[in-house]
1. With n ≥ 4 as the cut-off for DSSP H runs, can you work out [θ] at 222 nm for the chain, using -39500 (n - 2.57) per run divided by the number of residues, rounded to the nearest 500?
2. Find the centroid of the Cα atoms in region 314-365 and in region 239-262, then give the distance between the two in whole Å.
3. Provide the FRET efficiency to the nearest 0.05 for the ASP337-ASP371 pair, computing r from the beta carbons and using R0 = 25 Å.
4. I need to check one value: relative contact order of the chain, counting alpha carbon pairs closer than 8 Å and at least 6 residues apart, in percent.
5. Skipping prolines and chain starts, which residues have an amide H placed within reach, meaning under 5 Å, of the one on HIS114, given they are 5 or more residues away or on another chain?
6. Distances over 20 Å make up what percent of all Cα-Cα pairs in region 151-248?
7. Could you check how much of the accessible area of the chain is carbon and sulfur, as a whole percent, using a 1.4 Å probe?
8. Can you tell me the Rg and Dmax of the chain, counting just the alpha carbons, in angstroms?
Amino acid sequence: MSKVRVLVGTRKGAFVLTSDGKREKWAVSGPHFAGWEMYHLKGSPADPNRIYASQTSGWFGQIIQRSDDGGKTWIQPGTPPGEQKTPQGQPKGESNKFVYNTSPEKAGKPLTTHQWYDGTQHPWEFKRVWHLEPSLSDPDTVYAGVEDAALFRSTNGGKSWEELPGLRGHGTGPKWQPGAGGLCLHSIVLDAQDPQRMFIAISAAGAFRTDDGGKTWKPINRGLKSQYIPDPNAEVGHCVHHIAAHQSRPNVLFMQKHWDVMRSDDGGDSWHEVSGNLPTDFGFVIDVHAHEPETIYVVPIKSDGEHFPLDGKLRVYRSRTGGNEWEALSNGLPQSDCYVNVLRDAMAVDSLEGCGVYFGTTGGQVYASHDAGNNWAPIVRDLPAVYSVEVQTLP
C-alpha cells in the first residue's frame, strides 16, 4: 500500500507526518530544528528520500538543510561536520551563500537597487529563502526563491547556489517594491512538459515566465488589476500571493492575488478573473486537484486588514469548473470563533485515489481530507504557526 508523508514548516520547527494509504492514523516526527523558523520544506519528485528545508533566524541567518533519508536525519550541504557549531552552539550556516549577481555580462547591467515603500531606491539585501522547488528529474538540482526577490539554483544538492540574474535584470527590477510581508519570491512552478519553462511570482512585483531555462524572463501580468498602485494595469507591481498549475496542463495557471482569483489559459500571457460566487476573493493559497485539472481550491480570508475567515467559519472553497462556480467545504472544520489564517505555501494535495488535500493554519492545526475536500479532520493540533505544507506520495 502507498504511503503519504506530509512536510510541515512552522514558526518554531519542522514536523514530518506519515500515514499509510488510508490516511486515517498519523505518526508525528519533530520538532526538527526546534525554535527556528522553517519557511519551507519540499521533497524531490526524483528521489522520495531527498528533502530540502529552509531554516532561518533573525539572529543566526539562513541555513539550507537537506535530508537523504526521508527526514530522519539532516545535514547542512557544503558544511564540514566539524564546523557546524558556533561557540554559542548554533549552526554556522555555510550553506547560506546567496550572493546577488552584479555582473553586467550576465545580468545585462549592474543590479544594485529596487524601489522601497516610500518610492525611493533601496539596495538589494538577502534576508531568507521563502520557497524551495526541487527539479522534477534531478534530485541534486533545486531552485530557491528568496527575499529580497531573486531566483537561485543549486545543481549539487544545496552545497552552493548561483543566482539566475536574468530575472532581476530583464528591465523592471528597479521598479519592484515590497509587499506587506517583504519583497519575496514565493512561488516557483516548473513546467512538467518543458524543462526550459518556469513560472515564478513575487510579492509585490507580479508573475514572470522564462522559456529558456532562466536566461531571459518576461512579466506575465496582463489582465491583473491592483487598486493600490498608481497604474492598476501596470506591467509590474501587482501583489500576487500564489500561483498553481496541474502538471498535465502547464499552460493553465491559477492565481490567488491580493484580491481576486485569476486564471490564465495561455501560459500567463493573459489573465481573467474567476472569483465568481466566493464570499471574499482575498486569500493566500490556491491549489489544483491531482486528477481533475479543472478542480481548484482556495481558502477565502475576510480582508487584507483582517487575516481570518469570514464570520469566524473556516471553510475551503472548491470549484470543479476551473473557477467562477464555488462550493463551501466545511464538514469537520470549525464553524464558529475560528480566527486563524492559512498562509501562501500551506496547502498541498497528494496523488492517491480520491486526492488527499492538506492545509495548515497559523493556529497550529494541520487539516486533511482524503476525499478531495468533502470531509476534513485535524491530523495534528497545537503546533506552532504553520508556514508551509507539502506532501509526498510514497510507494
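The values are calculated or read from the model by the stated rules, or taken from the named source; none is laboratory data. These numbers come from a predicted model, not from an experiment. FYI the Cβ positions are ideal-geometry reconstructions off the backbone, even for glycines, and counts take in every protein chain you see. Calculation scope for accessible area: heavy atoms of the full protein, side chains included, ligands and nucleic acids excluded. Shrake-Rupley method; radii C 1.70, N 1.55, O 1.52, S 1.80 Å.
1. It lands at 0 deg cm²/dmol.
2. Answer, in whole Å: 16.
3. It comes out at approximately 0.45.
4. Numbers: 1140 pairs, mean separation 48.9, N = 395.
For the chain, the relative contact order is 12 percent.
5. HIS122, TRP124
6. 38
7. 48
8. Here Rg and the maximum Cα pair distance are 19.8, 58 Å.
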